[in-house]
Structures are given as structure tokens and as C-alpha cells.
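J.: Structure below; questions to follow.
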Amino acid sequence: MKSRDTLIRLRRFQVDEKRRRVAQIEMMMADFNRMAAELDREVAQEEARAGISDPAHFAYPTYARAATGRRDNMRQSAAALEGQLAEAKAELGEVFEELKKVEILEDRERSAERAAEAAREQAEMDAIGLRARA
């Protein structure tokens, strides 16, 4: 019984760890997307200030060109994290299923123990009842 309790604690720890990893990846993706949106705004402001929105134009603002590159890098990083997020969610699902299997087994064992205890108590009560009649 003690080893099963240890196993349940281990599985719960693993589930918590996987949840933290999923949350961490989601936060990183949100940060990258937020930073990319901010860079989009900065590029638009710089283009409006310069009056040039064509990146091929010789007088296109250098800052806008650099910010566009950083924005593209942020989006690529967020896209790369999508694969990691899917993998982390799959791992979370697997570990959660393992936890549930162990918990169900534990519940069944406890139910069987309770049923056996109830049967013993009933047998004792029956014995007492028979002795009282005799």
C-alpha cells in the first residue's frame, strides 16, 4: 500500500511538472506574439513618419527594416514553440492517464477492503444475533 501511495505522489508530481511546462511554453508564445505585434506597430509608425512603406525603396527607414526582421524572428520563434507545445500537451496527457490508472486501482483496492471489512462486521453481528437467540 505504501508503494502505491508513493507511486501516486510521483505521478501527481509528474502531472504538475508537465502542466508547468505547458504553461511556460504558452507564456513564451504569448510573449513572442505580443512583442511581434508591438514591432508591427513600431514599423507602421516609422513608415508613417517617413512617408515610405515600400521596403524595396532606397530611402526606406533602417529602423523599420531592422524591426521587421526582429518581428519575423519573433513569429518564427512562436511557430517553433507550437511543436514543443503539442509535444508537451501529449506528454501531459500520457502522464495524466497513468495517474488516473493508478488512482482507479487504488480506489478499487480500497473499495474491496471496505467491502471485506463490512462483510466481517456483518458476520460478527450475525454471530452475535445467533448467540442472542440461543
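The values are calculated or read from the model by the stated rules, or taken from the named source; none is laboratory data. This one's a predicted model, so the numbers in the text were calculated from it and none came from an experiment. FYI the Cβ positions are ideal-geometry reconstructions off the backbone, even for glycines, and counts take in every protein chain you see. Side chains included, ligands, DNA and RNA excluded: accessible areas come from the protein's heavy atoms. Shrake-Rupley method; radii C 1.70, N 1.55, O 1.52, S 1.80 Å.
J.: Considering only residues of the range 60-77 that are over 35 Å from the mean Cα position of the chain (by Cα) and closer than 16 Å to E38 by Cβ, which is surrounded by the fewest Cβ atoms within 10 Å (Cβ to Cβ)? Step through it out loud before you land on a result.
T.: Narrowing the range 60-77 to residues over 35 Å from the mean Cα position of the chain (by Cα): 60-65.
Pick out the ones that are also closer than 16 Å to E38 by Cβ and you get 63-64.
Details: Y63: 14, A64: 22.
Selected residue: Y63.
J.: So in the range 1-40, with the set limited to residues that are modelled with pLDDT of 95 or more and among the small types (G, A, S), which one is surrounded by the most Cβ atoms within 10 Å (Cβ to Cβ)?
T.: A36
J.: Only one residue in A56, A79 is assigned to a loop (DSSP other than H, G, I, E, B), free of Cβ contacts under 8 Å to residues at least 12 places away in the same chain and of a type in the set (A, V, I, L, M, F, W, C), so which one is that?
T.: Working: A79 fails: assigned to a loop (DSSP other than H, G, I, E, B).
None of the other options fit; the residue is A56.
J.: Now, a different point. Run down I128, I104, I52 and say which single residue is out of contact with any Gly (no Cβ under 8 Å at 6 or more places or on another chain), closer than 30 Å to R21 by Cβ and among the β-branched types (V, I, T). Spell out how you get there, then give the answer.
T.: Numbers: I128 fails: closer than 30 Å to R21 by Cβ; I52 fails: closer than 30 Å to R21 by Cβ.
The unique qualifying residue is I104.
J.: Restricting to the range 41-59, name every residue that is touching a Ser or Thr at 6+ places or on another chain (Cβ under 9 Å) and either surrounded by fewer than 17 Cβ atoms within 10 Å (Cβ to Cβ) or on the phi > 0 side of the Ramachandran plot (or both).
T.: A44, P55
J.: Cβ-Cβ distance below 9 Å, separation of 6 or more or different chains: which pairs start in the range 25-50 with a residue that is in contact (Cβ under 8 Å) with a residue 40 or more places away in the chain and farther than 21 Å from A88 by Cβ and end on one that is open to solvent by less than 80 Å² (accessible area, probe 1.4 Å) and not polar (S, T, N, Q)?
T.: Here the result reads A36/R71; A36/D72; A36/M74; A36/A78, each pair linking the range 25-50 to a residue that is open to solvent by less than 80 Å² (accessible area, probe 1.4 Å) and not polar (S, T, N, Q).
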